């Protein structure tokens, strides 16, 4: 559960979500990741550290470069957790839909009388 907490905490920030979306297209360096933002490279590095601690990003060492890449396993676990609850919510909505239909039928019968 702790890993799931770290995943959701990392995903709570819009800049980190944008970084993950960028990394979904392929590896990128800190400089490349910082380019579209009006924040410093150290700020991007701090975001990357949170993502790395959550297991969402890993670093590869290539000569002088250290490109980051997306790690999807934590996202898969978060999706599975959400999906489990989505099924429960859908069952409740279906039950509510049935109740609303019953109420409509009762109301229609009352209006006919």
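Coordinate-derived values only; no laboratory data. Computed from a prediction, not measured in an experiment: that's the story for all the values here.
If you model the range 53-105 as an ellipsoid using its alpha carbon gyration tensor, with each semi-axis the square root of five times an eigenvalue, the axes come out at 47, 9, 5 Å, biggest first. Sorted from longest to shortest, the spans of the Cα atoms of the chain along the three principal axes equal 83, 30, 21 Å. Over the range 20-113, Cα pairs under 8 Å with separation of 6+ residues give a relative contact order of 24 percent. Based on DSSP H segments of at least four residues, each scored -39500 (n - 2.57), the chain has a per-residue ellipticity at 222 nm of -23000 deg cm²/dmol.
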